[in-house]
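Novice: I'd like to ask some things about the structure below.
The values are calculated or read from the model by the stated rules, or taken from the named source; none is laboratory data. Computed from a prediction, not measured in an experiment: that's the story for all the values here. FYI the Cβ positions are ideal-geometry reconstructions off the backbone, even for glycines, and counts take in every protein chain you see.
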Amino acid sequence: MAKLFVLFISSVGGLLAADYFVTGFSITHDPVPFVIVALIFTVLQLILRPILKFIFMPFILLTLGLFTLVLNALLLGLLDFLSSNLTIEGLEALLFGTLIMTAAHFLASVLWYPSKKDN
């Protein structure tokens, strides 16, 4: 349950940051449609991302994990396709939006699950 909460909050933050910083990346600011878009992205991250990571594991290993950015871009593009409340115009907006979303998820996971060091 905590993973779902962290993933949802980081999706909200990442979508807002991408909307603010990336030209060509726009999302509605109405509360209910925005939450629905964030929920859809959270569900895609929870269900589809592990399947894609399993399928593309050789590419992920070969590129030392950088192929996960491609998978994140695929999921963000799919979110754009599924939701009329999100508009991504062009490959450049998709690339920078993906980088921001990935950074938001990484930051949330680091802050929520800090490493346990033996003292």
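Novice: Tell me which residues, restricted to segment 60-83, are outside any loop (DSSP other than H, G, I, E, B) and more than 16 Å from the chain's Cα centre (by Cα).
Specialist: Ile60, Leu61, Leu62
Novice: OK, next. On the given criteria, is Thr42 surrounded by 12 or more Cβ atoms within 10 Å (Cβ to Cβ), out of contact with any strand residue (DSSP E or B) (no Cβ under 8 Å at 6 or more places or on another chain) and under 20 Å from Leu4 (Cβ atoms)?
Specialist: yes
Novice: Of the residues that make up segment 6-24, is at least one more than 18 Å from Ile100 (Cβ to Cβ), over 11 Å from the mean Cα position of the chain (by Cα) and not small (Gly, Ala, Ser)? Spell out how you get there, then give the answer.
Specialist: Kept after step one, since they are more than 18 Å from Ile100 (Cβ to Cβ), are these residues of segment 6-24: none.
Scanning segment 6-24, I find no residue that is more than 18 Å from Ile100 (Cβ to Cβ), over 11 Å from the mean Cα position of the chain (by Cα) and not small (Gly, Ala, Ser), so the answer is no.
Novice: Any idea which residue in segment 8-29 is surrounded by the fewest Cβ atoms within 10 Å (Cβ to Cβ), counting only those that are in contact (Cβ under 8 Å) with a residue 40 or more places away in the chain and outside any helix (DSSP H, G or I)?
Specialist: Top of the filtered list is Thr23.
Novice: Whether any residue in segment 84-100 is within 17 Å of Ile9 (Cβ to Cβ) and assigned to a helix (DSSP H, G or I) is what I want to check. Even if it seems obvious, please write down each step before you answer.
Specialist: The first filter runs over segment 84-100 and keeps only residues within 17 Å of Ile9 (Cβ to Cβ), leaving 100.
Next, only the ones that are assigned to a helix (DSSP H, G or I) stay: 100.
Taking every residue of segment 84-100 in turn, at least one turns out to be within 17 Å of Ile9 (Cβ to Cβ) and assigned to a helix (DSSP H, G or I).
Novice: With respect to Leu52, is the statement that it is modelled with pLDDT of 95 or more, within 13 Å of the chain's Cα centre (by Cα) and either surrounded by 14 or more Cβ atoms within 10 Å (Cβ to Cβ) or β-branched (Val, Ile, Thr) (or both) true? It would help to see each step written out before you state the result.
Specialist: On the way: modelled with pLDDT of 95 or more: yes; within 13 Å of the chain's Cα centre (by Cα): no; either surrounded by 14 or more Cβ atoms within 10 Å (Cβ to Cβ) or β-branched (Val, Ile, Thr) (or both): yes.
When the stated conditions are applied, Leu52 does not pass them.
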